[in-house]
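First comes the structure, then the notes that go with it.
The values are calculated or read from the model by the stated rules, or taken from the named source; none is laboratory data. Keep in mind that this is a model prediction, so the values were computed, not measured. Please note: Cβ atoms are built from the backbone with ideal geometry, for glycine as well, and neighbour counts cover all protein chains shown.
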């Protein structure tokens, strides 16, 4: 728990410090845009006029300079220059600005004290002399500047139409920018706030057991479970992929949440737009609205991008608070990423459409703009985001998972880098757009740093080893890792393992595996005796461990280490922290591991393995176990790996007894029964698990086991299986005979339920089985049973 608390603290620190990473913040929170609108409007209405102290390049006059300024490619060094000293000493400029500010700011209700401040800023470039009061003309000017005036030679009134257009343009632009920020924050508050509210609800159950008990006996809660929280959207398919691996249909509650999230995004991107014409920035209403829509969708796209990165992190603190699985957050990650991508596409489309609006030159104008660096970096960012989607399709993830990871990470990095170069070089830090990118960077970097920190905390860097043995008769391997410590490991957890020397040596890749058991284990240490190798060769293969060299995790020769303590090969018995896993060889990495280690040698092998330490198994996830009278484990195939930790937790309390029992079995204080219903296709796997993990020296009260073998193994006959159980020490009262065929889940489940008793059903297995189990649980709730469901599921 120490490491997980440290990671959580760092995560909170990142959330707090990120908004201050930018010195400016965001508009409305650290950045004020045109707060002195009347002053800014006066300045912008007069700033293009030439003064008698303005300097012109040789051979240029005011008219030619005015026409040349319309050329966007004009070198600014070739334009007339009005210096700060010129402004500060030019009486017509000072008096015209001062009177404009006084007249129009009074009309806007802008305080006199602030008028003096903004005069210093806008008219003098920050200088304090002459003052605002000293610059006011003794009498109000009567002559109004012409709309096409080039010179300011005397104290004048600002042209009314020019001021009106400037004031309206700046005001509407500022309003739209404030709304972009406000709606971005609203989206953040809704999404994160909703998740935190769900977390608070779960944590309240942990803190107040009475509240949880009331829920479990509530008719309303039961109806919510069977109608909203547990069922699939349609029929029973939730974790099972759609045909042709087209994707997943989230459960009903998750689908409703996603739908609401999508609708909120549509609303926030579609409302509160206005136009002001005549506009000094935009030649048409259409271009103006395209600008506002583009800015809104672009900003919210980056906001959603940051949320997607947060949800994808392994060290996402929201998982700890809510108890939601990583599978749930990965579903949310995919949908937030899709929405962000759609908004980026809309952002790009409307900015493209803008150049075909009235007053603009269409393709030529667009081509000129697209040639600017900030613009083509935006195009690159949008393309990269769009490419992420097809390369993240379920069918591709399943078939080419390692390739998917490399492409996915590379495209995300390209997207973030391109977005940075799209925003900062062009806008600078004026509008605070980069602050949302800081969040993206912070969430991504934090998760990566936390992973490295976990590896350093739990692994012996440079010498972290594991023993891998193949389960006879099937493509399953049992892995025992010896970390620095097992602090934090417990029920329902998984970890990510690194195998740096397996296959092509992709040391950066890690793979998740459920924790089967944890604790301290006596490990044999080889002595330095020179005669050890020859004496060990006489031992049987069943008692040998293959010590693998550093090259590709394998050696060209092996030394046999026997378990006989009298052997000269052995030194002292070493008791070390250990965690164990079981993994089935599919395609990709696990198949490579099985092939490299056991093609020609079936002996256990020692290889280099690093672990990130425990994930999952949060108190919020396992809370339904606390008040359960009966715990039923519905397990399919290799899903047994997740459940064996629960068996260890239950039996440890039974063995310790006395006062320490309640402390050891803190998760299952009330449970009197633990029922294990497991279906697997290999009898060899069932035998291995029974012999290794379900064989107790004494009979454990309350454990009931039933097994089903769905494969064609010859040793599934009941008689031979019964003998196997007796030989392994598993009492027939604790473990049922393995039955050949498919488990009738509904029948078996109901046979162990009792009316009036609180039952928690833990499900872990293939997606189709998990969906079937959920459907049966919903049916049991409808029938009046008090049932909670803990779903330990993984999906691609």
Report task. Would you point out which residue out of 205, 277, 226 is outside the structural domain of residue 778 (by TED's automatic domain parsing), more than 27 Å from the chain's Cα centre (by Cα) and in contact (Cβ under 8 Å) with a residue 60 or more places away in the chain? Result -> 226
Requested in this report: Could you tell me whether region 399-420 includes any residue that is in a helix (DSSP H, G or I), buried (at least 21 other Cβ atoms within 10 Å of the Cβ) and modelled with pLDDT of 95 or more?
Outcome: yes
**Report entry** Residue in region 489-502 that is modelled with pLDDT under 90 and over 30 Å from residue 647 (Cβ atoms) present
**Finding:** yes
Requested in this report: Have a look at 302, 258 and point out the one that is in contact (Cβ under 8 Å) with a residue 12 or more places away in the chain, surrounded by 21 or more Cβ atoms within 10 Å (Cβ to Cβ), assigned to a helix (DSSP H, G or I) and within 18 Å of the chain's Cα centre (by Cα).
Outcome: 302
Query raised in the report: Do we find that residue 238 is farther than 29 Å from residue 446 by Cα, under 24 Å from the mean Cα position of the chain (by Cα) and touching a residue at least 12 places away in the same chain (Cβ under 8 Å) in this structure?
Result: yes
Requested in this report: Pairs only if they're at least six apart or on different chains, beta carbon under 6 angstrom, first in region 333-358 and free of Cβ contacts under 8 Å to residues at least 12 places away in the same chain, second surrounded by fewer than 19 Cβ atoms within 10 Å (Cβ to Cβ) and outside any helix (DSSP H, G or I); list them, first residue then second.
Outcome: 356/362
Query raised in the report: Among the residues of region 151-169, how many are surrounded by fewer than 21 Cβ atoms within 10 Å (Cβ to Cβ), assigned to a helix (DSSP H, G or I) and touching a helix residue (DSSP H, G or I) at 6+ places or on another chain (Cβ under 7 Å)?
Result: 0
Query - Some residue of region 443-450 being part of a helix (DSSP H, G or I), under 21 Å from residue 383 (Cβ atoms), within 18 Å of the chain's Cα centre (by Cα) and in contact (Cβ under 8 Å) with a residue 40 or more places away in the chain - result: yes
Query raised in the report: In this structure, is residue 323 crowded, with 20+ Cβ neighbours inside 10 Å and either at positive phi or within 10 Å of the chain's Cα centre (by Cα) (or both)?
Result: yes
Query raised in the report: Residue check: is residue 782 modelled with pLDDT of 90 or more, assigned by TED's automatic domain parsing to the domain that holds residue 647, closer than 21 Å to residue 237 by Cβ and surrounded by fewer than 20 Cβ atoms within 10 Å (Cβ to Cβ)?
Result: yes
Report summary line: Of the residues in region 625-638, those that are surrounded by fewer than 23 Cβ atoms within 10 Å (Cβ to Cβ) and over 27 Å from residue 685 (Cα atoms) come to 626, 627, 629
Query raised in the report: Of the residues in region 624-646, how many are touching a helix residue (DSSP H, G or I) at 6+ places or on another chain (Cβ under 9 Å), assigned to a helix (DSSP H, G or I) and under 20 Å from residue 753 (Cβ atoms)?
Result: 3
